[in-house]
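Readers should treat all values here as calculations from the given coordinates under stated rules, not as data from a laboratory. Only a predicted model underlies this, so the values are computations on that prediction, with no experimental measurement involved. Ideal geometry is used to build each Cβ from the backbone, glycine not excepted, and the neighbour counts take in all protein chains shown.
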Amino acid sequence: MNENPLSIFRVESKIRRQNIGLILSLGIIAMLLSIGFFYLGSRSNHTLIWGIEIGDEYLYDVSVFGYDNNSQVPFIGLNNTRIIVRVTDLPEIPQQLNFQSFLANVLEITKTDCWFENGTYFTQTWRDGINELMSRCILPVGDFELIDSLTNGTLDNGYGSSFSEGSFYIGYHYFIVDFGHGWEGNVTLDTGVPVVTSLWDFSWHPPGEWFNYGITLTKTIS
């Protein structure tokens, strides 16, 4: 029995239309999925913002302690002085933050400059050290829980953080048998500015070089 060529043509045309419709549907679904993934990828995983502005200035009282058997104690010329710390940069906070991106794009970015209260500058080495310390302890606000989840380790040897009496503590400690260094700050939750911040360093290699020193900056009430 011979099939009707017209019927065969109609069936094949119907199949083609169905295939084209299926292809178009799959294309639309793929496009929607890609838009959805792009949207999800571009969404921020935090609500962090800067609670201060560039140009803000803060006063800190400085205390220095320590000894060094070979040279002058670092920062000793700042002991019992008052300095001004000015905010000079507030980097853009990445939408997606993990530990490494937080360190590289927020924590380790220089955000300050500093000088004596009377307007004169101290040595560049001291300025660099204090700016590094202060910049690590100036934090964005609004999601300290996230910062805590990124940095909350053991301060015995590495980064650490915690909440304490309405403030946020963050720091880094490194120890081996006869050598160590570290920094830490106690940060207000509303501004992200440290109330107290300090660094320390020690090395014990008698009869050769041995030293132990630290510097603390305490924010004055103004």
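Run the numbers for T188 and R127: contour at 0.36 nm per residue of separation, minus the present Cα-Cα distance, in nm.
On the way: separation 61, 0.36 × 61 = 21.96 nm, distance 2.31 nm.
Additional length available on full extension: 19.6 nm.
Rounded if a/c is under 1.5, else prolate if a/b is larger than b/c, else oblate: which is segment 57-219, with a ≥ b ≥ c the root eigenvalues of its Cα gyration tensor?
It comes out oblate by the Cα gyration axes.
Which ordering of K219, K111 is given by a fewest-first count of other beta-carbon atoms within 10 Å? Please report the intermediate quantities before stating the final value.
Numbers: K219 17, K111 23.
Lowest count first: K219, K111.
Give the order of I83, I130, I109, I221 when sorted by the count of other beta carbons within 10 angstrom, beginning with the fewest.
Working: I83 21, I130 25, I109 15, I221 6.
Listed from fewest to most nearby Cβ atoms, that is I221, I109, I83, I130.
Determine, from the Cβ-Cβ distance of Q72 and I221 and an R0 of 30 Å, the FRET efficiency 1/(1 + (r/R0)^6), rounded to the nearest 0.05.
My answer for the efficiency is 0.45.
Quick one: if the Förster radius is 35 Å, what FRET efficiency do R86 and I176 give, using the C-beta to C-beta distance and rounding to 0.05?
0.45
Which of the peptides 167-175, 100-108, 133-141 is most tightly packed, and how do the rest follow, judged by the mean count of other Cβ atoms within 10 Å per residue? Mind showing how you got there, number by number?
Working: 167-175: 18.7, 100-108: 16.0, 133-141: 23.9.
The peptides rank, most packed first, as 133-141, 167-175, 100-108.
Please give, to one decimal in nm, the separation of the simple spin-label points placed at F65 and Q96, each 7 Å out from Cα toward the Cβ.
With each label placed 7 Å out from Cα toward Cβ, I get 4.6 nm.
Have a look at the DSSP beta bridges in segment 157-222 and tell me what percent are antiparallel, nearest 5.
Taking every DSSP beta bridge within segment 157-222, about 100 percent pair in antiparallel fashion.
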